[in-house]
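Working notes, beginning with the structure itself.
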Amino acid sequence: MNLELCLSFSRLLSYPNAQVKTLTADCYRQLKDFDPQAAVAFEPFIRFLEQQELPQIEELYTSAFDLQAISFPYVGYQLCGESQARTMFLMKLQEIYKQQKFSSEGELPDHLSVMLRFIASVSDPQGNRDIICDALLPALEKIIQGIENQQHPYRQLLSALQTYLTNLVATELPESAGQKELSHG
C-alpha cells in the first residue's frame, strides 16, 4: 500500500519551509509512479513553486488556509464547525492517536497534515479507509470550495490530494465483502 504519499502531502500542507521545493519534487515523482491522474492535477502546483521564492509561497499558504475560515485546514472544523461535535471529534482523534502511540506534535489533531501523517504511520487499512472516506474526503471538498480562486496553487494541490485519496480508496483500500453488505444491504 502506498501511503508514503500521504506523508509527502502532509509535509506540503504544513506551513512551508526551505525544503518545500525538494518535498514537492519528491511528492511529484512518487505520484507519477503511483497515480498518474493525480500527478496531472499536481503539475500546476509544481510549476508554481518553481517560479516562487519562500516568502511568496508562505504568503499564498497563508492566504489559502489562515485568512478565511471556509478554507481552514482543520478536518473537524470543516465537518462540524466550532461546535460540541468538533470537540467530540477532536477527543476521538486523540484517543485513536494515543492507541497507536502517535503524536500530533503540538498541532490540533484534526489538522489536515496531521491526519495525513497519521494515515501514513499506521497499518490499519480499514481504519485508514474510514478516516479517508468519512473525514478527509468530505472536508477536502469543503476546503477546496473555500478557496475561490480556481488557479490558486494550494487549491490545485488539494485537488491532487483529493484525486489521490479517491483513487487510493478505490484501488488499495476497498471495502471488505462484509462491509459492502452492511453498507449496501
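For the stretch 147-163, does any single residue satisfy the condition of being modelled with pLDDT of 95 or more and over 30 Å from GLN52 (Cβ atoms)?
No.
Being farther than 21 Å from TYR77 by Cβ, in contact (Cβ under 8 Å) with a residue 40 or more places away in the chain and surrounded by fewer than 21 Cβ atoms within 10 Å (Cβ to Cβ) narrows it down to one of ALA120, ALA160, ALA135, so name that one. Spell out how you get there, then give the answer.
Details: ALA160 fails: surrounded by fewer than 21 Cβ atoms within 10 Å (Cβ to Cβ); ALA135 fails: farther than 21 Å from TYR77 by Cβ.
Exactly one residue qualifies, and that residue is ALA120.
Please specify each residue of the stretch 70-89 satisfying the condition of being assigned to a helix (DSSP H, G or I) and either on the phi > 0 side of the Ramachandran plot or not hydrophobic (A, V, I, L, M, F, W, C) (or both). Spell out how you get there, then give the answer.
Filtering the stretch 70-89 for residues assigned to a helix (DSSP H, G or I) gives 70-71, 75-80, 84-89.
Result: SER71, GLY76, TYR77, GLN78, GLN84, ARG86, THR87.
For GLY127, work out the one condition from (1) of a type outside the set (Asp, Glu); (2) part of a loop (DSSP other than H, G, I, E, B); (3) surrounded by 12 or more Cβ atoms within 10 Å (Cβ to Cβ); (4) modelled with pLDDT under 95 it doesn't fulfil.
The failed condition is (2).
Among the residues of the stretch 84-106, what is the count of those that are under 18 Å from LEU12 (Cβ atoms) and crowded, with 16+ Cβ neighbours inside 10 Å? I'd like the intermediate steps shown before the answer.
The first filter runs over the stretch 84-106 and keeps only residues under 18 Å from LEU12 (Cβ atoms), leaving 104-105.
If we keep only those that are crowded, with 16+ Cβ neighbours inside 10 Å too, we end up with 104.
Total meeting the criteria: 1.
Name the pairs: first residue in the stretch 25-41 and more than 16 Å from SER10 (Cβ to Cβ) and touching a residue at least 60 places away in the same chain (Cβ under 8 Å), second residue basic (Lys, Arg) and part of a helix (DSSP H, G or I), Cβ to Cβ under 8 Å, at least 6 apart or on different chains?
ALA39/LYS32
Out of SER8, SER71, which single residue is buried (at least 19 other Cβ atoms within 10 Å of the Cβ) and modelled with pLDDT of 95 or more?
Numbers: SER71 fails: modelled with pLDDT of 95 or more.
So the residue among SER8, SER71 that is buried (at least 19 other Cβ atoms within 10 Å of the Cβ) and modelled with pLDDT of 95 or more is SER8.
Spot the failing condition for LEU31; the list is (1) out of contact with any strand residue (DSSP E or B) (no Cβ under 9 Å at 6 or more places or on another chain); (2) assigned to a loop (DSSP other than H, G, I, E, B); (3) not β-branched (Val, Ile, Thr), and only one is missed.
(2)
Would you check which residues across the stretch 164-178 are crowded, with 18+ Cβ neighbours inside 10 Å and modelled with pLDDT under 90 and list them?
Matches in the stretch 164-178: LEU173 only.
Find the residue count for the stretch 107-131, including only residues that are farther than 12 Å from SER10 by Cβ, of a type outside the set (Ser, Thr, Tyr) and out of contact with any Phe, Trp or Tyr (no Cβ under 8 Å at 6 or more places or on another chain). Quick ask: steps written out before the conclusion?
Taking the stretch 107-131 first, the residues farther than 12 Å from SER10 by Cβ are 108-110, 122-131.
Checking which are of a type outside the set (Ser, Thr, Tyr) leaves us with 108-110, 122, 124-131.
Narrowing the set further to residues that are out of contact with any Phe, Trp or Tyr (no Cβ under 8 Å at 6 or more places or on another chain) leaves 124-130.
Going through the stretch 107-131 one residue at a time, the tally reaches 7.
Based on what the data block shows, is LYS101 over 21 Å from GLN150 (Cβ atoms), more than 17 Å from the chain's Cα centre (by Cα), of a type outside the set (Gly, Ala, Ser) and not in a helix (DSSP H, G or I)?
On the way: over 21 Å from GLN150 (Cβ atoms): yes; more than 17 Å from the chain's Cα centre (by Cα): yes; of a type outside the set (Gly, Ala, Ser): yes; not in a helix (DSSP H, G or I): yes.
Yes.
Sort through GLN30, GLN100 and tell me the only one that's within 25 Å of ARG129 (Cα to Cα), at pLDDT below 95 and touching a Ser or Thr at 6+ places or on another chain (Cβ under 7 Å). Quick ask: steps written out before the conclusion?
Details: GLN100 fails: touching a Ser or Thr at 6+ places or on another chain (Cβ under 7 Å).
Of the residues listed, the single one that is within 25 Å of ARG129 (Cα to Cα), at pLDDT below 95 and touching a Ser or Thr at 6+ places or on another chain (Cβ under 7 Å) is GLN30.
The values are calculated or read from the model by the stated rules, or taken from the named source; none is laboratory data. Worth saying up front: this structure is predicted, and the values here are computed from it rather than measured. Note: ideal-geometry Cβ built from the backbone for every residue, glycine included; neighbour counts use all protein chains shown.
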